[in-house]
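Enquirer: Starting off with a structure, shown below.
Values quoted throughout were computed directly from the atomic coordinates according to the rules given, and no laboratory measurement underlies them. Computed from a predicted model, the values in this text were never measured in an experiment. Note that we place each Cβ from the backbone using ideal geometry, even for glycine, and neighbour counts take in every protein chain shown.
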């Protein structure tokens with residue numbers, strides 16, 4: 001007879017699959033990161049920046065509605081401003097995709113680049129705590145003792161990284177898009193600004209997936225936290241330095257590939273491909289007032305110039321094509337013997353030359369953008385593959 005009776009009791013709990021265990025790993029890891037004061041402050045600053053973005057979009061929506069309180073107040077202070085607001089409102093009815101969609105794409109492209117830096121800071125702070133600490137303290141053995149495989153562990157850590165970058169990057173942008181449209185003068189803004197949302201999801205979503213794989217790989221480099229942090233900073237800063245050495249010099253055309261050693265530069269090419277700020281700003285220049293002014297283009301030019309990748313390419317090409325031709329005009333090889341043409345013929349000739357130069361610049365910029373985009377994709381794939389190989393090698397030995 002048994003000293004202690006142990007009758008069978010049917011378990012009435014709810015069965016939870018392996019995804020709940022992965023979720024627990026991700027939740028526990030993210031909670032530990034958010035307990036760090038600087039990471040918490042970084043997340044808070046990102047959401048405060050999102051609040052500022054909503055305010056900026058609200059002000060823009062007030063400027064395209066002549067019946068808004070801000071428009072009436074500005075009209076009382078400056079009557080000419082009321083004319084500009086009325087003109088913007090008329091354009092909004094005629095060209096909603098230009099007046100609503102293009103400015104939002106430019107603004108969201110700028111916001112997406114601005115939030116990249118606090119996201120990188122948050123990743124730098126939590127990098128030693130992704131995998132390195134578990135490897136150093138042998139906590140990975142405890143995970144494996146709980147019927148959790150290495151793939152489950154990695155998926156949980158990847159989920160924590162995605163959640164952190166969603167808090168600092170993707171989440172604020174999506175909330176800004178929804179909040180800005182809710183404060184817009186018309187519900188049609190949800191449809192007209194869809195391109196800004198799709199571009200944001202393409203650029204930020206793709207960047208988050210790449211940075212997740214890269215973070216897992218770098219955190220698996222060593223079991224020492226300082227070595228992992230140093231590796232992350234070196235990969236970031238040294239790659240950033242390669243952008244200057246890899247400038248496309250026509251005298252040394254073979255060094256352009258050095259730029260693609262920087263994942264920041266490669267992600268910037270993804271941004272340029274998704275948002276295309278130079279093209280959007282050029283579209284806004286078609287909207288001219290009676291006096292020839294371009295109010296939308298003038299106001300949003302700063303946000304376009306701040307997204308510098310496409311404009312930098314155009315400046316490089318112009319310096320390569322236009323400046324040598326100006327020098328040739330100033331110092332011609334052979335003196336001119338023909339008489340001076342009249343002013344009308346000279347003006348037509350200058351216009352033809354300018355059009356030919358502009359066409360050559362556009363062709364060279366398109367060629368450079370295509371080459372940079374191909375190199376960026378290859379660079380990101382190789383970096384992600386190398387990071388995945390490091391993770392595989394580390395966990396094969398664990």
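Enquirer: Express in nm, to one decimal, how much length is gained between residue 393 and residue 55 on full extension, taking 0.36 nm for each residue of separation and deducting their alpha carbon distance.
Expert: Additional length available on full extension: 116.8 nm.
Enquirer: Using a 10 Å cut-off around each Cβ, can you sort 232, 373 from fewest to most neighbouring Cβ atoms?
Expert: Details: 232 20, 373 15.
Starting with the residue having the fewest Cβ neighbours, the order is 373, 232.
Enquirer: For 190, 210, 275, what ranking results if the residue with the fewest other Cβ atoms within 10 Å of its Cβ goes first? Mind showing how you got there, number by number?
Expert: Numbers: 190 16, 210 19, 275 27.
By the 10 Å Cβ count, ascending, the order reads 190, 210, 275.
Enquirer: Additional query: When the scattering of region 157-229 is computed by the Debye formula from its Cα atoms alone, each counted once and equally, what is log10 I(q)/I(0) at q = 0.20, 0.26 Å⁻¹?
Expert: -0.85, -1.11
Enquirer: Ok, one more. In what order do 226, 157 fall by count of nearby beta-carbon atoms within 10 Å, going from fewest to most? Spell out each step's value before the answer.
Expert: On the way: 226 10, 157 25.
Least crowded to most crowded, the residues run 226, 157.
Enquirer: How long is the gain from residue 226 to residue 279 if the chain were fully straight, where each residue apart is worth 0.36 nm and the alpha carbon distance is subtracted? Write out the running numbers ahead of the final one.
Expert: Working: separation 53, 0.36 × 53 = 19.08 nm, distance 4.37 nm.
Extra length from residue 226 to residue 279 when fully extended: 14.7 nm.
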